[in-house]
Every structure is written in structure tokens, then in C-alpha cells.
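Here the structure is laid out as C-alpha cells; the discussion comes afterwards.
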Amino acid sequence: MSQRSSSSSAEWIERLARFGFAAKGVVYVTIGLLAAQAAWGAGGETTDAQGALEAIVTQPFGRVLLAIVGVGLIGYVLWRFVQTIYDPEKQGSDPKGIAQRVGYAVSGLIYAGISFSALKLALGAAQGSSDGGNASAQDWTARILAQPFGRWLVGAAGAFIIGIGFYYLYEAYKAKFRKKLKLRQMSDAEQTWATRLGRFGTAARGVVFAIIGLFLIQAARQYDPSEARGMGGALAALAAQPYGPWLLGVVALGFVAYGLYMGIEAIYRRVLAPNVERDVQSMISR
């Protein structure tokens, strides 16, 4: 492959990645708005990405918008696999780096499924009834519980997801996501709002991940897969607590903030730095 062709490939990877961040942002904003409406008694529902897609398709020009989101998410999936294989952010090959890259691959597979669902709905496939991801979580939990040491595996998965949740809270506190942004290209006001939205949104995700992990541990303790919850179930659990509508409302707004922050990443994210771009071009040209 010629140098010009590999350079063009790297440029397309960056464009698709930015398109993917924007599409992911649309999904999170939709989940957040639906949850906020549920919290304030204005309709809406606590749901996951699938429910967000089903809400989008019912809007005027919903199929067109959903097709755009589906294609955009393909770009996000591509970026995740580039992160996994080419390691543009230099995570390395030590245990920590390998774990991070495996996480990128898992994220890519999850968003591949979301993208496929979006494109199916855009092409007119019959809508299902989203339950906030609970059925899928319970199905996988039941499969794992049926395996040798299944209870321990589910418990370990729950502890791991809680760990991810606490890491997101730490990331929000430290604003570590700022390292991924081209801060020199941003005004002071843009940097301030990017930090606020990123912190609020990342913290909201941390809370929801921790709740999902707690439900998995509960499923392991009781040997009952019906205790597992998806994202929608975790949001619904917040609503069921004392001051639940307020808690759900805050987290819902956090999801909206995270979606808006994804829009900022679509513009200012460091995708392929010059030295990394050369590495990717070299690998593509082989």
C-alpha cells in the first residue's frame, strides 16, 4: 500500500472516530432526557441504549437520524478496534495495558451491537419492547451461574464493574479526561465547560456502573439471575430510593452532560497524534 493511501486511511480513521463520538453523544443525551422526564413525571422512561434508539426512531425523520447514528457508531467501533490493535494511546503490553485494550475490544463489540440495532430500526425492522437491558443482563448472568464456579464468576464480575464505577468517579474528580483533548485549540470558556460536563457526565456513569455491579453481586449471593440489572434497571433502582426522583434527575442530567461532552470530544479529541499517525500508517501499509 502506498504512503499516500495509508495516510488517507489514517485520515478516514480519525474522521470516523470523531463521527462516532458524536453518535455516542446522541445516544447518551437521549437516555438522559428520557430518564429526566421519568424523574419529573413528564413521561419518559429509565432505559438503556436500545430504548434510546427506539425513542429516536419515533421522532420526525427518526429513521434518517437513526441511520446517521448507526453509521456513526460504526466509526466508534472502528476506533475502539484501532485502540485495541494499534494502541495509538500507548497503553502498552503490560498487564494493565492489556486489560485496558481488552476493555476497548469489549466496548467495540457492545457498540457494534448497538449500531446493528440502530440500522435495523432505521430500515424498518419491528421495534421490540426495551426493558432497560435487564433481560440481557439476566440471561448472561443465568448462563454464567450455570457454569462451574459460576457464583464466584458473577460475583467477581460485579466487583470488577463496581471498580470501573469507582474509577470513573476518580477520573471525574481528577478530570483525567482533559489529557485526551486538544486544550491549546480551545478557548478558556470551552475548557471550563468541557471540564464541567466531563466531570458531571463521567461521575454519573460511575454511579450507574457501581449500581449495576452491586446488583450482580446480589445475583451471585442469592444465586438468582433475576437480581441482575442493566442500565435502565440501575436508573430505576435510583428512582426507588428515598428522594429517588431527585437522585434519578441528577444522574439523568449527568448522562445528558456526558453526551454533550462526547460532542466536545468529536471536535477536540486527540485521535491520532502526528507520531501515532505515522505508526498507524506504517502498520496499515504493511
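The values are calculated or read from the model by the stated rules, or taken from the named source; none is laboratory data. Remember, predicted model here, so these are calculated numbers, not experimental data. Neighbour counts run over all protein chains shown; Cβ positions are idealised from the backbone, glycine included. Calculation scope for accessible area: heavy atoms of the full protein, side chains included, ligands and nucleic acids excluded. Shrake-Rupley method; radii C 1.70, N 1.55, O 1.52, S 1.80 Å.
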In nm, to one decimal, how far is the residue 159 label point from the residue 221 one, both placed 7 Å along Cα→Cβ? 1.4 nm
Express the relative contact order of the chain as a whole percentage, based on alpha carbon pairs under 8 Å and six or more residues apart in sequence. 31 percent
Set the Förster distance to 30 Å, then compute FRET efficiency between residue 59 and residue 240 from the Cβ-Cβ distance, nearest 0.05. 0.55
Give the Rg/Rh ratio for the range 40-87, taking Rg as the radius of gyration of the Cα atoms and Rh as the Kirkwood radius, to two decimals. 1.16
Given the rule -39500 (n - 2.57) for each run of at least 4 DSSP H residues, summed and divided by the residues of the chain, what is its mean residue ellipticity at 222 nm, to the nearest 500 deg cm²/dmol? -26500 deg cm²/dmol
Equivalent-ellipsoid semi-axes of the chain, from the Cα gyration tensor, Å, largest first: 31, 23, 20
Rounded to the nearest 10 Å², what accessible area does residue 170 have for a 1.4 Å probe in the complete protein model? 110 Å²
What is the set of long-range amide H partners of residue 181 at a cut-off below 5 Å, with H atoms built 1.01 Å from backbone N? 270
Using a 1.4 Å probe, how large is the accessible area of residue 200, given in Å² and rounded to the nearest 10? 80 Å²
Accessible area in the full protein assembly, largest first, 1.4 Å probe, for 168, 76: 168, 76
